[in-house]
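A.B. asks: The structure is given below, and queries will be raised subsequently.
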Amino acid sequence: MKIAIFAYSRQGCETARRAQTFLGGQEVRMYTMERFAQPGFFPLGRPAVAFYGAAFQWADAMIFVGSCGIAVREIAPHVKSKQTDPAVLVIDELAGFVIPLLSGHIGGANALARKLAGYLEAKPVITTATDIHNKFSVDAWATKNGLILSDLSKAKEVSAAILEQEIPMVCDFPVGTAYPPGVIAGDTGKIGICISYETKEPFETTLRLIPPIVHLGIGCRKGTEASAIAEAVAFVLDTNRIDSRAICCAASIDLKAEEKGLLQFCAERHWPISFYSAQELSCVKADVTASEFVRQITGIDNVCERAALMGAANLIVKKTARNGVTVALAAETLEVQFG
């Protein structure tokens, strides 16, 4: 985690150092005014808009040791979206209060504020409604557990509704704990939450939480273009109602490690791809769709299904062939835990 800390007085610098000690395992950069220069601190840059703008882009969290007014003025020109903005916190220079200002849930400002306050023996000032009413914070929980929000506007609707009523949830995976306050198991209603890698929407307004646990296995003819691979994968995902955001990685046989179209396709989607030898793929214990032709070419009876199962547990879409491309999907196991 990359953290920028800004201090505006000598006392503020001392508090900043205390915060840095607590955050010792992170990449921390501390800044202060030139007249308070001391080892470990960089000077505050000028012009301010450019300086704080660069910090806003670099940091996962920005901590202002000073007044809320300073923080608000400096970040105001750069605030864009709760999905991308860093966590922004304020600590008064005497370390009496820790206040999350921005990205309390998705950015983790609320959680960081509580941890910092505990270390500094300060009071965390949390103002988000779901937190103060002890209700399930869907965006914070999803972010903490690596799930993807299907629609930010629907997340806001759920957060508003959960303050007034219990919200039903459909979960395609085993739930290992009790449901959190404000959420019940259910599959009907005007608004609800669905934890799934499928694109189904059981409620009139459905917020889907997408676990990125799907592995994509691919085989292709030599020289296949990225566009042909994209069309085949899109067909498989659409046909089986699998959200592309659930894909966490791709895999194929090592004979395809130099295929430009395959490499381009994965790079454009930021999907890491791994390549395995026929011997490695043969170690996958599964009832695969065997092909003698594929065995003659590659030395293994099936590429895409075996590749998809490398590191995954269950084959969820068997081999589908389209325009010289074969596609299969497998999923990791998941148990949902609240708390």
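The values are calculated or read from the model by the stated rules, or taken from the named source; none is laboratory data. Remember, it's a predicted structure, so these values are computed and weren't measured experimentally. Reconstructed Cβ throughout: ideal geometry from the backbone, glycine too, with neighbour counts over all protein chains shown. What goes into the accessible areas is simple: the full protein's heavy atoms, side chains included, and nothing from ligands, DNA or RNA. Shrake-Rupley method; radii C 1.70, N 1.55, O 1.52, S 1.80 Å.
A.B. asks: Work out, in µm²/s and without decimals, the Stokes-Einstein translational diffusion coefficient of the chain at 4 °C, 1.567 mPa s, Rh from Kirkwood over C-alpha pairs.
C.D. replies: Here the translational diffusion coefficient equals 57 µm²/s.
A.B. asks: If you count the DSSP beta bridges with both ends in the chain, what percent of them are antiparallel, to the nearest 5?
C.D. replies: 35 percent
A.B. asks: Multiplying the sequence separation of Ala278 and Thr239 by 0.36 nm and subtracting their Cα-Cα distance, what value in nm do you get?
C.D. replies: This chain segment gains 11.1 nm when fully extended.
A.B. asks: For the stretch 262-339, which whole percent of the accessible surface, found with a 1.4 angstrom probe, sits on carbon and sulfur atoms?
C.D. replies: Carbon and sulfur together cover 49 percent of it.
A.B. asks: Pull up all non-local amide H partners of Leu102: gap of 5 or more, or a different chain, and H-to-H distance under 5 Å with H placed in the peptide plane.
C.D. replies: The answer is Val88.
A.B. asks: If you don't mind, there's one more thing I want to ask. In the stretch 88-195, what percentage of the DSSP-assigned beta bridges are antiparallel, given to the nearest 5?
C.D. replies: 35 percent
A.B. asks: Once phi is turned into ³J(HN,Hα) by the Karplus curve 6.51 cos²θ - 1.76 cosθ + 1.60 with θ = phi - 60°, what whole-Hz value does each residue of the stretch 128-140 show in order, with x for glycine and proline?
C.D. replies: Values per residue, Gly and Pro as x: 5, 4, 4, 5, 6, 9, 6, 9, 4, 9, 5, 6, 5 Hz.
A.B. asks: Quantify how much of the Cα-Cα distance distribution of the stretch 96-231 extends past 20 Å, in percent.
C.D. replies: Working: 5006 of 9180 pairs.
Beyond 20 Å sits 55 percent of the P(r) for the stretch 96-231.
A.B. asks: Right, something else. For the ranges 139-151, 259-271, what's the packing order if you count other beta-carbon atoms within 10 Å of each residue, average per peptide, and put the highest first?
C.D. replies: Result, highest mean Cβ count within 10 Å first: 139-151, 259-271.
A.B. asks: From the Cα gyration tensor of the stretch 1-84, with a ≥ b ≥ c the square roots of its eigenvalues, which class applies: rounded if a/c is under 1.5, or else prolate if a/b is larger than b/c, or else oblate? Let's see the in-between values first.
C.D. replies: On the way: a/c = 1.74, a/b = 1.26, b/c = 1.38.
The shape class here is oblate.
A.B. asks: Need one number: nm distance between label points at Glu14 and Arg29, each 7 Å from Cα along Cα→Cβ, rounded to one decimal.
C.D. replies: Taking the two extended label points, one gets 2.7 nm.
A.B. asks: In terms of modelled amide H atoms, which long-range or inter-chain residues lie less than 5 Å from the amide H of Phe203?
C.D. replies: Excluding prolines and chain starts, which carry no amide H, there are no hits.
A.B. asks: Work from the charge dipole of the chain (Cβ charges, +1 for Lys and Arg, -1 for Asp and Glu, about the Cα centre) and give the residue of Gly12, Met1, Ile316 farthest towards its positive end.
C.D. replies: Among Gly12, Met1, Ile316, the one farthest towards the positive end of the dipole of the chain is Gly12.
A.B. asks: On to the next question. Which FRET efficiency, nearest 0.05, do Lys222 and Phe22 yield, Cβ-Cβ r, R0 51 Å?
C.D. replies: Computed FRET efficiency for Lys222 and Phe22: 0.40.
A.B. asks: Identify which of His105, His133, His215 has the largest mean-square fluctuation in a Gaussian network model of the chain, with springs joining Cα atoms closer than 10 Å.
C.D. replies: Comparing His105, His133, His215 in a Gaussian network model of the chain, the most mobile one is His133.
A.B. asks: Ignoring ligands, DNA and RNA, what percent of the accessible area of the stretch 77-211 is carbon or sulfur (1.4 Å)?
C.D. replies: 51 percent
A.B. asks: Can you work out ³J(HN,Hα) from phi for every residue in the stretch 270-280, in order, using Karplus 6.51 cos²θ - 1.76 cosθ + 1.60 and θ = phi - 60°, giving whole Hz and x for Gly and Pro?
C.D. replies: Here the 3J(HN,Hα) series is 6, 9, x, 10, 10, 10, 10, 6, 4, 5, 5 Hz.
A.B. asks: If r is the Cβ-Cβ distance from Ile148 to Glu231 and R0 is 22 Å, what FRET efficiency results, to the nearest 0.05? Before the final figure, lay out each step's value.
C.D. replies: On the way: r = 24 Å, r/R0 = 1.07.
After rounding, the FRET efficiency stands at 0.40.
A.B. asks: 5 Å is the cut-off here: which amide hydrogens, built 1.01 Å from N in the peptide plane, fall below it relative to Ile184, excluding neighbours closer than 5 in sequence?
C.D. replies: Answer set, sorted by chain and number: Ile167, Met169.
A.B. asks: Might you tell me the accessible area per residue for the chain, computed with a 1.4 Å probe and given in Å²?
C.D. replies: 48 Å²
A.B. asks: Still on this structure: Of Asp238, Asp85, which has the most accessible area with a 1.4 Å probe, and how do the rest follow in descending order?
C.D. replies: Asp238, Asp85
A.B. asks: Also: How high is the relative contact order of the stretch 154-287, in percent, counting Cα pairs under 8 Å that sit 6 or more residues apart? Provide the component values of the computation, followed by the final result.
C.D. replies: Numbers: 208 pairs, mean separation 24.7, N = 134.
The value is 18 percent.
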